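Q: For reference, the structure I am asking about is given below.
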Amino acid sequence: MKRLPRIEQYGLIGDMQTSAHVCDDGSIDWLCLPRFDSPAFFAALLGTQQHGTWRIAPAAAYGAVPGAAVEQRYVGESLVLETEWTTTSGSARVTDFMPPRDGAPQVIRIVEGVAGEVAMVSTLRARPGYGRVSPWIHELGGRMIAEAGGDALWLDTSTGQAEKDGAIVSSFTVAVGESVTFVLSWAPSHGAAPELPEPEAALVATLAFWEDWTSRCTYVGPYREAVVRSLITLKAMTYAPSGGVVAAPTTSLPEEIGGRRNWDYRYTWLRDASTTLASLLGSGYRQEAEAWRRWLLRATAGDPENLQIMYGITGERDLPERELGWLPGYEDSGPVRIGNGAADQLQLDVYGYVIETLYLAHRSEVARCGDTAVLHQRLVEQLAERWQMPDEGIWEVRGARRNFVHSKVMAWVAVDRTIRLAEAGALDTDLFALMELREAIHYEVCTRGFDPVRNTFTQSYGSQEVDAALLLIPRVGFLPPGDPRVLGTVEAVRRQLSTPEGFVRRYPTAGERVGLDGLEGDEGAFLLCSFWMVDALALTGRLDEAHALFDRLLALRTDLGLLAEEYDPTVGRQLGNFPQAYSHIGVIGSALLLQQLDAGAPASLPDVLLAAGA
């Protein structure tokens, strides 16, 4: 039985339709095919090797005491991953990647001898249906096939292979200058066999794709390495055929080890997708914004009156949540869930995020269309009717609905950005009515959502709690950064929600009791909230503190530059689904904002904040 890896020991490869998690011990422990939201063929990440894995490593590393040192890295600014092993007899390199799809989805693994001679072993144990099904393994024309139901995995290699105890195993040796290739392809079991692969040509094409894509990044600054790696990660989580963006490519990685805060993030949240596109636009990427707008039009299906907070990656509305009882969960953190019941929640802030992204797209000269204008108008009409309703809020509480201050602030953002577009001649609407609505929302938030005794905005009307989402009040231009109410709120969040290292939790949790969010248990510091604190410090004139916190956050990234959703400073490890779009959005947004403010841009100018990916 192999050791249990930490979340941060995994690298990500993908083809912008699905992805795989490659551990630094040479195993692929998570792979859903053919889409991000398809059932996993390798689910060891949420269980054991018996739930599906594919490991390529030196034979010495298979022992109870590892006999090989390992180093993992990406090849330049790409999603091609290299794992290099050093043993007593020599060194070998495994190059893992998934070519941007043009036909069957493929995972390609190229093993090369670097020094001396290394005995290697490949063990592929496919378990379709999230680790529940043992496939029929057989050989056809020198190709090994693992079939179950409607799915077939074809394994092509340049070395020998055989079935052993429900796995496909290859044992071989590589010396300097030698290489052995493995290509795993998915196809419908009732369809034709996938074409024979050309792994070396695919590697060249994949590296060229990423070189071309990253060359379009417009950010030039001191944090370029972190920004580009985050951009690549966000691009990897974009479903190319539709333009939808998953919040993360995994499900049920826990927010607390042993806890029950385990959710499926393989869907497109309007909020997450909108902020992802804002980060891409702020870095020079327009094509993704155009694709996302088309996705939005299809997903809402002419029915914005029933706007959901999330959809499937091609716009599916029905995302029923259920538990997979046969999987014990990551480090026994059950249950493992697929689907997401939060799809049925009311979250008023999504109107603000969607409309702000439409505004950013216009400012980035992404041409508007008549259908988008109609959708925008209907969204604002719906918001005008609903903004005073209580909702579940940005954090998707599973307790009672409340009047969350952040939701109301983002409702204000939706109206404010609509007014800006109308004033620019890009939208035909009743400006007077919108200005009255904007003023009404602002007045209510400032009177019902602010505690003058403690000089802080509160999580919801009349509550005693603060919420990290309140840090966005100056970021979105609701109040100027120097306003005493903003300064008081930033200090209240720091005092009540920050760890000693300065990392920020979302809101107070209740441990073993059921908290205001309707859930038991605690969680780590939320990384996006910590980046929001960077922004708040910078906007309120504390640039040195902002840079220091930003540097501490960047230091939390894995050796590959990846971030999960949360971080537990007590035990020093990442938590939650991985990698997390929100966290990488935070990296990009804060880097862009710091660059703007370091250059002397006025902190009170809303368009500067928007240009920085607000």
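Please treat every number below as a calculation from the coordinates, not as lab data. Since the structure is predicted, the reported quantities are computational estimates derived from the model, not experimental observations. We place every Cβ from the backbone using ideal geometry, glycine too, and count neighbours over all the protein chains shown.
Q: For labels at residue 133 and residue 321 in the simple 7 Å Cα→Cβ model, what's the distance in nm?
A: About 2.6 nm, to one decimal.
Q: A follow-up question, please. Report the full-extension gain for the segment residue 377 to residue 286: residue separation times 0.36 nm, less the Cα-Cα distance, to one decimal in nm.
A: On the way: separation 91, 0.36 × 91 = 32.76 nm, distance 2.28 nm.
The residue 377-residue 286 span can extend by a further 30.5 nm.
Q: While we're looking at this one, here's another question. How tilted is helix 370-386 with respect to the longest principal axis of the chain? Cα atoms for both, answer in degrees (0 to 90, nearest 10).
A: With rounding to tens, the tilt is 60 degrees.
Q: Starting from the Cα-Cα distance between residue 446 and residue 190, subtract it from 0.36 nm times their residue separation and give me the gain in nm to one decimal. Walk me through the intermediate numbers first.
A: Working: separation 256, 0.36 × 256 = 92.16 nm, distance 6.16 nm.
Length gained between residue 446 and residue 190: 86.0 nm.
Q: Out of every Cα pair in region 215-611, what percent are spaced more than 40 Å from each other? Each step should come with its number before you reach the end.
A: Numbers: 6101 of 78606 pairs.
Percent of Cα pairs beyond 40 Å in region 215-611: 8.
Q: In degrees, nearest 10, range 0 to 90: what is the angle between the Cα axis of helix 543-554 and the longest Cα principal axis of the chain?
A: 30
Q: Assuming 0.890 mPa s and 25 °C, estimate D for region 367-496 with Stokes-Einstein, Rh taken as the Kirkwood radius over Cα pairs, in µm²/s.
A: Calculated translational D: 157 µm²/s.
Q: About its Cα centre, how strong a charge dipole does the chain have in debye, to the nearest 20, once Lys and Arg get +1 and Asp and Glu get -1 at the Cβ?
A: Numbers: 53 positive and 79 negative charges, 94 e Å.
Dipole of the chain, to the nearest 20 debye: 460 debye.
Q: Okay, moving on. Sorted from fewest to most neighbouring beta carbons within 10 Å, what does the list 478, 42 look like?
A: Lowest to highest Cβ neighbour count: 478, 42.
Q: With contacts defined as alpha carbon pairs under 8 Å and 6 or more residues apart, what's the relative contact order of region 215-611 in percent? Walk me through the numbers before you get to the answer.
A: Details: 760 pairs, mean separation 71.1, N = 397.
It comes to 18 percent, rounded to a whole number.
Q: With n ≥ 4 as the cut-off for DSSP H runs, can you work out [θ] at 222 nm for the chain, using -39500 (n - 2.57) per run divided by the number of residues, rounded to the nearest 500?
A: On the way: 15 runs with 196 residues, N = 614.
The helix-only estimate for the chain comes to -10000 deg cm²/dmol at 222 nm.
Q: Taking the chain as the reference, fit the longest principal axis to its C-alpha atoms, fit the long axis of helix 287-300 to the helix C-alpha atoms, and give the angle between the two in degrees, 0 to 90, nearest 10.
A: Orientation of helix 287-300: about 80 degrees from the principal axis.
Q: Next question, about the same structure. What distance in nm separates the two pseudo spin-label positions at residue 171 and residue 119, each 7 Å out from Cα along the beta-carbon direction?
A: Between residue 171 and residue 119, the label points sit 0.7 nm apart.
Q: Okay, moving on. State the answer as a single residue: which of 189, 409, 207 lies farthest towards the positive end of the charge dipole of the chain, with beta carbon charges of +1 for Lys and Arg and -1 for Asp and Glu, about the Cα centre.
A: It is 409, whose Cα lies furthest towards the positive end.
Q: What's the ranking of 569-577, 231-239 by average number of surrounding C-beta atoms within 10 Å, highest first? The partial results should precede the final answer.
A: Details: 569-577: 18.9, 231-239: 24.0.
Most protected by this proxy first, the peptides run 231-239, 569-577.
Q: Explain nothing, just the number: relative contact order of region 7-190, from Cα pairs under 8 Å at least 6 residues apart, as a whole percent.
A: Numbers: 493 pairs, mean separation 36.3, N = 184.
Relative contact order for region 7-190 comes out at 20 percent.
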